[in-house]
1. Just checking, how many residues over the stretch 286-312 are more than 14 Å from the ligand (Cβ to nearest atom) and at pLDDT below 85?
2. Where in the stretch 323-432 are there strands (runs of 3 or more DSSP E), lying wholly inside it, with at least 3 residues that are more than 15 Å from the ligand (Cβ to nearest atom) and under 30 Å from the mean Cα position of the chain (by Cα)?
3. Those residues that are under 22 Å from the mean Cα position of the chain (by Cα) and of a type in the set (Ser, Thr, Tyr), I need them from the stretch 216-245; list them, please.
Amino acid sequence: MALRLEILSQRSAAMPASSAPGPTLVSFAPTDSGATRAPAPAPIAEATPPPFVGPLPPPPAKPATWTVTDTLRRGDSIYLSLKKHKVPERQLALLDLALRKVFKPAQVRPDDYYAITLDTNDVIQHFLYTPTARPDQPVEVALRDSLLVGRRLTLPLERRTQILTVAIEDNLSNAISQAGEGDALSALLFDRIYSAVIDFQLDPRRGDRLSAVYEKLYLDGRFVRYGHVLLANYEGQQVKKIGIRYPDGEGVESYFDGKGESLGRMFLLKPLTINRITSRFNRKRFHPILKKRVPHLGTDYGAPTGTPVWTTARGKITYAGRKGSYGKMVEVTHQNGYRTRYAHLSKIYVRNGQRVQQQERIGAVGATGRATGPHLHYEIIQNGRHINPQSINRGATGQPLAKDRLPAFVQHRDKLLQLLASPQRLTAGSGD
Ligand SMILES: [Zn+2]
């Protein structure tokens, strides 16, 4: 009987309780019969005790660590969430010290998640914090030589190339969203590729088509964000523009048309990403507050307070501060006698004398000065005369690629165009 019990207990120890089915135990029953027990091995075991080989292994005690996983809620902090799970105060202070070197508490967002492992003495062994916005860049804190050390990880993303064709019904971002893609893809097209050559308020017409070859980045099969747009092709009634991502003379990747001419210009068409123009340039406008005709020498962009405002051209800051009815205002001086002004800002991120790049963030939309609501007032002045921001790039051409680089560019272009014409391409939208 003793032998049989031993077999059974070994058996059940080797298998998880849930997967040790009854019939297996039953199959051992015959060993209980007189026939198998007859040789009585017990006396032999007594005669030759096992040789001593060293200290006994430690008993398989309770688990050496415990792990908690949780997701941050609105108003939560890492500290508050871990405190709820009874992580001791002293350990939280050590964790904070290690985290602080690689992570700012202000970066914490609701829905970020973490896993923390502590030993039986409640000493933190490992902490992994994953921001939902950047799941490929979690923050890890691990115990090394009894010290908690933090670092930011970069997990490899899987890159998938996608092809999309949409036709415009009302506007391009709606068409893209109806095709199942996000605003971030529209923003890449509006703000990165076509920002100097297509005015998406004025140029699109119903039935215009846009095709794109672009990358989507995945982590463990889940979409994380868009990679590069390799090719975009806008085929409209007012404007036709192809944009191909290719390294310029300095090796910086930017966009070129089919002939290898840059889509970049001295000025961008817009100083922000928002697409709603509330008041256009007008030399004879009736002013809603002053109740008289006051020329409107700029363009107003209605946008929520805090929307980033960027420079439309490279230059030097020649004013940054309050200026009468402009409220908080930034003025940038550019080449060829140009100046641009960005007014009614809620925040200014630059100082007088600073050099700025094209599309560098200089402030945020607000309602300071004479403004009825949050909006950006944008002006372009050339040699003392205001000009219409919407006509700034009319007739301007882009820098061409060097002649000796054209053959390689043409090859690259044709490869992408072939991909676009391939039968597996995904199509969406209507207007055929
Ligand atoms: Zn204005």
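The values are calculated or read from the model by the stated rules, or taken from the named source; none is laboratory data. Note that the structure is predicted; figures quoted are calculated from it, not measured. Please note: Cβ atoms are built from the backbone with ideal geometry, for glycine as well, and neighbour counts cover all protein chains shown.
1. Applying the first criterion (more than 14 Å from the ligand (Cβ to nearest atom)) to the stretch 286-312 yields 291-293, 304-308, 310-312.
Keeping just the survivors that are at pLDDT below 85 gives 291-293.
Count: 3.
2. On the way: elements: 328-333, 338-345, 361-364, 375-382, 385-387.
Filter on the stretch 323-432 gives 361-364.
3. Scanning the stretch 216-245 gives TYR218, TYR226.
Yes/no per residue for (1) modelled with pLDDT of 95 or more; (2) surrounded by fewer than 19 Cβ atoms within 10 Å (Cβ to Cβ); (3) closer than 23 Å to GLN390 by Cβ:
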site: ARG314; (1), (2), (3): yes, yes, yes
site: TYR319; (1), (2), (3): yes, yes, no
site: LYS323; (1), (2), (3): yes, yes, no
site: VAL330; (1), (2), (3): yes, no, yes
site: GLN335; (1), (2), (3): yes, yes, yes
site: THR340; (1), (2), (3): yes, no, yes
site: LEU345; (1), (2), (3): yes, no, yes
site: GLN357; (1), (2), (3): yes, yes, yes
site: ILE362; (1), (2), (3): yes, no, yes
